[in-house]
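Peer 1: Okay, here's the structure, questions in a sec.
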Amino acid sequence: MLFLVGTGLAKKDISYNAIEICKNCELFADRYTANMDQEKLDFLAETIGRRISELTRSDLEEESRELVERARRSDVAILVGGDPLIATTHKILFIQARRLGVPVHVIHASSITSAIIGESGLDFYRFGPICTISRWTERYKPTSFYETIQRNMQSNSHSLVLLDYDSESATSLGVKEAMAILEAAEAKHRQGIITPKTQIFVMHNISVEGQSRELTTVSEAEKISFKDGMTAIILPARLSEVEREIIDSIYG
């Protein structure tokens, strides 16, 4: 059987049920799709009492069939940062296993998306589709995120915008760079969504010790810098009365 095991966000978020299951499995850790630092990996290995092999991007993508074949022969657990099936990589593993007749069991945990929305104080049901600001290169400058934000604004929905995460450096796209990309996208599309005074939530390493959450403006966000970890931003639509009250209590 293949187990996709969510380990949550903080070091000790893994559930008792997950620990008991993992004690009888061949263990692997996905350090590619989400932030799982060495301290958390060491804690998991000590808590479960088993050796954990690390998976690379190649293992999870090009060699994913081999993982599924292992799960045909014995129980295999893949430890995932956050909640399984949020990332496309894990969905593909799930589909491959089902196609090959290998049973799959998913153990859910807290996810970065639900944690960020909860910490912001905004109503969960008022969020539109999520988008990502990718790192720009000389030849690759996508602005599809802008179109998603625009559609959300038109329907009075908040926009959760993930910042491109690099697993090798264990850090997201810098906030200053993300603001520059937002402004460049505005200059291209000219819909008046992004201005220097546009309100924005900057959420960093949510549910992890030392987390940071700020309600600021695009121009002020350009001054924010984080050394490492996962960062996302939220562009709010018009706030409800309840949202205003709780946000004032959090950030006021």
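The values are calculated or read from the model by the stated rules, or taken from the named source; none is laboratory data. Remember, predicted model here, so these are calculated numbers, not experimental data. Because the Cβ atoms are built from the backbone with ideal geometry, glycine has one as well, and the counts that use them run over all protein chains shown.
Peer 1: So, in the range 121-143, how many residues would count as being among the hydroxyl-bearing types (Ser, Thr, Tyr) and either within 15 Å of Phe201 (Cβ to Cβ) or more than 19 Å from the chain's Cα centre (by Cα) (or both)?
Peer 2: Our first condition is that a residue be among the hydroxyl-bearing types (Ser, Thr, Tyr); within the range 121-143, this holds for 125, 132, 134, 137, 140, 143.
Restricting the remaining residues to those that are either within 15 Å of Phe201 (Cβ to Cβ) or more than 19 Å from the chain's Cα centre (by Cα) (or both) gives 137, 140, 143.
Qualifying residue count for the region: 3.
Peer 1: Right, another one. Of all the residues that make up the range 162-178, how many are at pLDDT below 95 and β-branched (Val, Ile, Thr)?
Peer 2: Within the range 162-178, residues that are at pLDDT below 95 and β-branched (Val, Ile, Thr) number 1.
Peer 1: (1) out of contact with any strand residue (DSSP E or B) (no Cβ under 6 Å at 6 or more places or on another chain); (2) assigned to a loop (DSSP other than H, G, I, E, B): which one isn't true of Lys197, the others all being true?
Peer 2: All conditions pass for Lys197, except number (1).
Peer 1: Among the listed residues Gly174, Gly210, which satisfies the condition of being within 30 Å of Glu54 (Cα to Cα), surrounded by 13 or more Cβ atoms within 10 Å (Cβ to Cβ) and without any contact (Cβ under 8 Å) to a residue 60 or more places away in the chain? Outline the logic, then answer.
Peer 2: Values: Gly210 fails: surrounded by 13 or more Cβ atoms within 10 Å (Cβ to Cβ).
None of the others qualify; the one that does is Gly174.
Peer 1: Taking the range 227-241 as the search range and keeping residues that are more than 18 Å from Cys131 (Cβ to Cβ) and modelled with pLDDT under 95, which one is surrounded by the fewest Cβ atoms within 10 Å (Cβ to Cβ)? Lay out the reasoning, then the answer.
Peer 2: Kept after step one, since they are more than 18 Å from Cys131 (Cβ to Cβ), are these residues of the range 227-241: 227-229, 238-241.
Add one more test, that the residue is modelled with pLDDT under 95, and what stays is 227-229.
Numbers: Lys227: 6, Asp228: 14, Gly229: 18.
Selected residue: Lys227.
Peer 1: Restricted to the range 30-78, and to residues that are β-branched (Val, Ile, Thr) and in a strand (DSSP E or B), which residue is surrounded by the fewest Cβ atoms within 10 Å (Cβ to Cβ)?
Peer 2: To start, the set of residues in the range 30-78 that are β-branched (Val, Ile, Thr) comprises 33, 47-48, 52, 56, 68, 76, 78.
Next, only the ones that are in a strand (DSSP E or B) stay: 52, 76, 78.
On the way: Ile52: 17, Val76: 21, Ile78: 23.
So, considering only residues that are β-branched (Val, Ile, Thr) and in a strand (DSSP E or B), the one surrounded by the fewest Cβ atoms within 10 Å (Cβ to Cβ) is Ile52.
Peer 1: Inside the range 4-29, can you point out the residues that are within 24 Å of Met230 (Cβ to Cβ), surrounded by 19 or more Cβ atoms within 10 Å (Cβ to Cβ) and hydrophobic (A, V, I, L, M, F, W, C)?
Peer 2: Once the filter is applied, which keeps residues that are within 24 Å of Met230 (Cβ to Cβ), surrounded by 19 or more Cβ atoms within 10 Å (Cβ to Cβ) and hydrophobic (A, V, I, L, M, F, W, C), the range 4-29 yields Leu4, Val5, Leu9, Ile14, Ala18, Cys22, Leu27, Phe28, Ala29.
Peer 1: Moving on. Any chance the range 225-238 includes a residue that's on the phi > 0 side of the Ramachandran plot and without any contact (Cβ under 8 Å) to a residue 40 or more places away in the chain?
Peer 2: Residues of the range 225-238 that are on the phi > 0 side of the Ramachandran plot, as a first pass: 229.
Now narrow it down to the ones that are without any contact (Cβ under 8 Å) to a residue 40 or more places away in the chain: none.
No, that holds for no residue.
Peer 1: Here is a follow-up. Say whether the condition of being β-branched (Val, Ile, Thr), part of a strand (DSSP E or B), modelled with pLDDT of 95 or more and touching a strand residue (DSSP E or B) at 6+ places or on another chain (Cβ under 8 Å) is met by at least one residue in the range 179-186.
Peer 2: As a first pass, look at the range 179-186 and keep what is β-branched (Val, Ile, Thr): 181.
Then drop every residue that is not part of a strand (DSSP E or B), which leaves none.
No - not one qualifying residue is present in the range 179-186.
Peer 1: Listed residues Ala178, Ala187; which is over 12 Å from Asp228 (Cα atoms) and out of contact with any helix residue (DSSP H, G or I) (no Cβ under 9 Å at 6 or more places or on another chain)? I'd like the intermediate steps shown before the answer.
Peer 2: Working: Ala178 fails: out of contact with any helix residue (DSSP H, G or I) (no Cβ under 9 Å at 6 or more places or on another chain).
The match here is Ala187.
Peer 1: I need a count of the residues in the range 5-29 that are among the aromatic types (Phe, Trp, Tyr) and part of a strand (DSSP E or B). Spell out how you get there, then give the answer.
Peer 2: Going residue by residue through the range 5-29, those that are among the aromatic types (Phe, Trp, Tyr) are 16, 28.
If we keep only those that are part of a strand (DSSP E or B) too, we end up with 28.
Selection size over the range 5-29: 1.
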